[in-house]
Structure formats: structure tokens, C-alpha cells
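One structure is given here, and the rest of the page talks about it.
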Amino acid sequence: MNDRMTTPWGERVLARFPEDPRDRLRAWDASDDYLLRHLADRRVPLSGTVVVLGDRWGALVTALAAHHPTQITDSWLGQEATRANLARNGVEPGAVRLLTTQDPPPERIDVLLVRVPKSLALLEDQLLRLAPAVHEGTVVVGTGMVKEIHTSTLRLFERILGPTRTSLAERKARLVFCTPDPASARPASPWPYRYTLPEGVGPVSGRTVVNHAGVFCADRLDIGTRFFLKHLPAGRDGGRVVDLGCGNGVVGTAMALADPRAEVLFVDESFQAVASAEATYRVNGAPGQAEFRVGDGLSGVPAGSADLVLNNPPFHSHQATTDATALRMFADARRTLRPGGELWVIGNRHLGYHVRLRRLFGNSHVVASDPKFVVLRAVKR
């Protein structure tokens, strides 16, 4: 959906990535608008180093492109949306510096704008990484919808950067104002976080998981993945295995440990997730070959190149509940599988993935189920 956002610096045409004419979700919301109006109304100086953390689809840096901001994001899709939106609005390449949450941050920050993420852990990790570059005169403004900003969010800003307060709500959006205090002691970062897996989860029982901040269930094994690990395909002898939407990589690592001849591809759109997956794979000394890719599902992966795809698809996109990502993952998997190749999916029973798989593959088989989850297998004919 292309949408026009009116900003103090002119109108911007924006879209999410990948573009889908059926998608009615905008690439910006009231919190982006609130922040931009605040910067203009208060005449915040933007001549120094401007850093935008968590800009979801590039709306903020596209609006501020004339001030050469730096964007820091965990989302490959968000970064690609930013590139497309900058080009769509005639911004010269290089006007905006694009960094990931895994890249070294700028050495000095004069204006720090924070689009509050869903993950408090990711916010903590990134504020701790950016804090050394913040000085007494740095302008720090966060933004988010009211439902995204909690007391814990404000406490985090205050604990890491300095005294924090909020604005009044406008159109269900709110701003966060933080006054940096570089002299205050900052906590040590707990990230990346490690924990030991319990017994009874197949080849990874007692193994170590490494999680960078923001990765789903960073401090424990979630019950869905636990169920999946107990019912992964067994008795395979090599082949190309894909851990699609790999998260911390525990599923792909389990397959690598169970089948040393397997070649495993770990894929996720989160830079934090792929870094976690590689760390989990390495720390467990998994044999065989592995590739770690950040991208939009299996786009760019050759058709007919995989024997097995394992998938625990998300059903949220930020605050929106949607099966669009899952459906794209299933279609990607079918294209990437060789004839006879299999897609194994775990999901909540109520999501009805079996219906989608039957339409796409012509078949869907229940491998295992309990009152909450179901593991499904679809075979490419």
C-alpha cells in the first residue's frame, strides 16, 4: 500500500516491503507523525549527528533525509523498505546511513530518535550500545503508540541514559523525553544471553542456546519450539535443510547434530536472530556445513535446491495479527523444495495452517498434536 505522509519537510510517499497491493497497513503511524511535528515545532537542531533507532519502514529517515540521518534497525525488511522509500522520494543514495543492530554504532550522537520497539530487551541492548556516544547536550526523543510505552519503558531510558518523562497522548501516540546524564553509572549489558536446554528435547538436550536481545523467548525455550524439537524428522542421511525463520537457530542446530551430513541454511529477517543462530550453532560444535542468511524468507535461494524446510512462522507483524508472512513462507518453501521435498511446520492449532498447506501443496499430514500445537508435514509432488 502506497501512502502519503505529510511532514513539516514536505509530503512523502511511503510503502512497506515487500509491496503488496492487498496490504492495507500503512508504512507509518501517528507516533511517527507526532515525533516529526515535535522536532519542527520545537526547532530541534538537526545539523549534528542524527541517529534514528528502530525506524520500522523508513518513514522517519525518509522525512529527515536532508539532515543525513543514520538509521539503526534489526529488520532486513525494514531496511529494504527504507531503501525503496528513499528512492521513491528522490533521495540521493548515501544521504541516509543504514546500519543494523549488529553494526558498530556512531561514535557521537547529537540527536537520538527512538521508535520504541515491541521488545524491551532489544531497547535495553541498543540503548546500552548507544549510550557511550550520547553526551550532555544530546536531544533524546522516543515515540510510540500509547499501548507500546509502559512504565518499564520509561524506567529503562532513565536507568541507562538519564531522567525521563512523557508527553500527553495525541491520536493514541506518545513521546518520551530523556535528558542524558553521562556521569551516571550504566549497568553492564546482559546480552547476548545464554541458557542450557532441558533434557528430553532430542539432539539438543543439555546444549547451549545463545540469544541476542530481541529474539523470541530469549531467556528460555518456548513451549512451541520444545514440542517441535520432540517431533523433528528423523533417519535422514544428508541433504539440504532450511531453518526458515530460524530465530536463535535451535531447530536447525538440532538437525545438524542429529545428521552430521546435513547442510543447514539458517534464514531470518532479523539481524539479531541470525547472529543468535550462528552463535548457537558454533557454541555447540555442530558438524557439517552451515550457511547463515539475513533476508526476506527464501527469496534469492534457488528453486528446487532444498530437501527439507522447517518453519515456525510468526503470526504478528509489529502490533498487527496477520498470516501474510506465514503464507509467503509456505509459498517460498514450495518453490525452494525439490520434488519429494518436505515442509514441516509447527503452529497453534487454531491458525488452520493445514488448510493453507493443502491448497498450496495438495496435501497436509499431521505429524503430532497436543491441545495447543500441531506439527504438519507437506510434500512437494
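The values are calculated or read from the model by the stated rules, or taken from the named source; none is laboratory data. All of these numbers come straight from a predicted model, not from anything done at the bench. Reconstructed Cβ throughout: ideal geometry from the backbone, glycine too, with neighbour counts over all protein chains shown. SASA here: full protein model, heavy atoms, side chains in, ligands and nucleic acids out. Shrake-Rupley method; radii C 1.70, N 1.55, O 1.52, S 1.80 Å.
Restricting to segment 368-378, what's the tally of residues that are surrounded by 16 or more Cβ atoms within 10 Å (Cβ to Cβ) and either within 21 Å of residue 240 (Cβ to Cβ) or among the polar types (S, T, N, Q) (or both)?
Pass one, segment 368-378, residues surrounded by 16 or more Cβ atoms within 10 Å (Cβ to Cβ): 373-378.
Remaining after also requiring either within 21 Å of residue 240 (Cβ to Cβ) or among the polar types (S, T, N, Q) (or both): 375-378.
Matching residues across segment 368-378 total 4.
What's the number of the condition residue 302 fails, among (1) out of contact with any Ser or Thr (no Cβ under 9 Å at 6 or more places or on another chain); (2) open to solvent by 10 Å² or more (accessible area, probe 1.4 Å); (3) touching a residue at least 24 places away in the same chain (Cβ under 8 Å)?
(1)
For residues that are small (Gly, Ala, Ser) and touching a residue at least 40 places away in the same chain (Cβ under 8 Å), scanning just segment 264-294, find the one that is surrounded by the most Cβ atoms within 10 Å (Cβ to Cβ). Before you say what the answer is, go through the steps one by one.
We begin by selecting, within segment 264-294, every residue small (Gly, Ala, Ser); these are 270, 273, 275-277, 279, 285-286, 288, 290.
Among the residues that remain, those that are also touching a residue at least 40 places away in the same chain (Cβ under 8 Å) are: 270, 273, 275-276, 279.
Numbers: 270: 26, 273: 26, 275: 24, 276: 30, 279: 20.
Top of the filtered list is 276.
Look through segment 251-263, keep the residues that are free of Cβ contacts under 8 Å to residues at least 40 places away in the same chain and outside any loop (DSSP other than H, G, I, E, B), and return whichever of them is most open to solvent (accessible area, probe 1.4 Å). Working first, answer last.
First, pick out the residues of segment 251-263 that are free of Cβ contacts under 8 Å to residues at least 40 places away in the same chain: 256, 259-263.
Narrowing further to those that are outside any loop (DSSP other than H, G, I, E, B): 256, 262-263.
On the way: 256: 1, 262: 3, 263: 70 Å².
Among them, the one singled out is 263.
Name the residue, out of 24, 12, 37, that is at pLDDT below 95 and not aromatic (Phe, Trp, Tyr). Break it down into steps so the answer makes sense when it comes.
Numbers: 12 fails: at pLDDT below 95; 37 fails: at pLDDT below 95.
Of 24, 12, 37, the one residue that is at pLDDT below 95 and not aromatic (Phe, Trp, Tyr) is 24.
Please find, within segment 66-79, the residue that is farthest from the chain's Cα centre (by Cα) out of those that are of a type outside the set (A, V, I, L, M, F, W, C) and not in a strand (DSSP E or B). Talk me through it step by step, then tell me what you get.
Of all residues in segment 66-79, those of a type outside the set (A, V, I, L, M, F, W, C) come to 67-71, 73-75, 78-79.
Applying the additional criterion that residues be not in a strand (DSSP E or B) yields 67-69, 74, 78-79.
Values: 67: 26, 68: 24, 69: 21, 74: 5, 78: 9, 79: 11 Å.
Per the criteria, the residue is 67.
Go over the candidates 169, 185 one by one and state the one that is surrounded by fewer than 19 Cβ atoms within 10 Å (Cβ to Cβ), of a type in the set (Gly, Ala, Ser), out of contact with any Gly (no Cβ under 6 Å at 6 or more places or on another chain) and at pLDDT below 95.
Details: 169 fails: at pLDDT below 95.
Going through 169, 185 in turn, just one is surrounded by fewer than 19 Cβ atoms within 10 Å (Cβ to Cβ), of a type in the set (Gly, Ala, Ser), out of contact with any Gly (no Cβ under 6 Å at 6 or more places or on another chain) and at pLDDT below 95: 185.
Could you tell me which residue of segment 333-361 is surrounded by the fewest Cβ atoms within 10 Å (Cβ to Cβ), considering only residues that are in a helix (DSSP H, G or I) and charged (D, E, K, R)? Lay out the reasoning, then the answer.
Initially, segment 333-361 is screened for residues in a helix (DSSP H, G or I), giving 333-336, 349-351, 353-361.
Now restrict to residues that are charged (D, E, K, R): 334-335, 349, 356, 358-359.
Working: 334: 18, 335: 17, 349: 13, 356: 20, 358: 14, 359: 11.
Going through the qualifying residues, I end up with 359.
In this structure, is residue 304 modelled with pLDDT under 95, in contact with a strand residue (DSSP E or B) (Cβ under 7 Å, 6 or more places away or on another chain) and part of a loop (DSSP other than H, G, I, E, B)?
Values: modelled with pLDDT under 95: no; in contact with a strand residue (DSSP E or B) (Cβ under 7 Å, 6 or more places away or on another chain): yes; part of a loop (DSSP other than H, G, I, E, B): yes.
No, not satisfied.
Of 108, 97, 88, which residue is at pLDDT 95 or above and over 25 Å from residue 294 (Cα atoms)?
Working: 97 fails: over 25 Å from residue 294 (Cα atoms); 88 fails: over 25 Å from residue 294 (Cα atoms).
Just one listed residue meets the conditions, 108.
Mind checking whether some residue in segment 26-41 is open to solvent by 10 Å² or more (accessible area, probe 1.4 Å) and of a type in the set (Ser, Thr, Tyr)?
yes
If we only count strands (runs of 3 or more DSSP E) wholly inside segment 190-250, which ones have 1 or more residues that are at pLDDT 95 or above, open to solvent by 50 Å² or more (accessible area, probe 1.4 Å) and of a type outside the set (Asp, Glu)? Give the derivation first.
Details: elements: 193-196, 208-211, 239-244.
Counting at least 1 such residues, we get 193-196.
What tally of residues in segment 92-123 results from selecting those that are under 17 Å from residue 157 (Cβ atoms), of a type in the set (D, E, K, R) and open to solvent by 30 Å² or more (accessible area, probe 1.4 Å)?
Initial filter on segment 92-123 (under 17 Å from residue 157 (Cβ atoms)): 105, 109, 111-123.
So of that shortlist, the ones also of a type in the set (D, E, K, R) come out as 115, 118.
Retained after the next criterion (residues that are open to solvent by 30 Å² or more (accessible area, probe 1.4 Å)): 118.
Selection size over segment 92-123: 1.
Looking at segment 147-163 only, could you name the residues that are of a type outside the set (Gly, Ala, Ser), touching a helix residue (DSSP H, G or I) at 6+ places or on another chain (Cβ under 9 Å) and part of a helix (DSSP H, G or I)?
148, 153, 156, 157, 159, 160, listed by residue number.
Whether any residue in segment 305-314 is under 13 Å from the mean Cα position of the chain (by Cα) and closer than 25 Å to residue 197 by Cα is what I want to check.
Initial filter on segment 305-314 (under 13 Å from the mean Cα position of the chain (by Cα)): 313-314.
Imposing the further condition that a residue be closer than 25 Å to residue 197 by Cα reduces the set to 313-314.
Among the residues of segment 305-314, at least one is under 13 Å from the mean Cα position of the chain (by Cα) and closer than 25 Å to residue 197 by Cα, which makes the answer yes.
Just need a number here: residues in segment 80-124 that are assigned to a strand (DSSP E or B) and of a type in the set (Asp, Glu).
First, the residues of segment 80-124 that are assigned to a strand (DSSP E or B): 97-100, 109-115.
From what is left, the residues that are of a type in the set (Asp, Glu) are 110.
Within segment 80-124, residues that are assigned to a strand (DSSP E or B) and of a type in the set (Asp, Glu) number 1.
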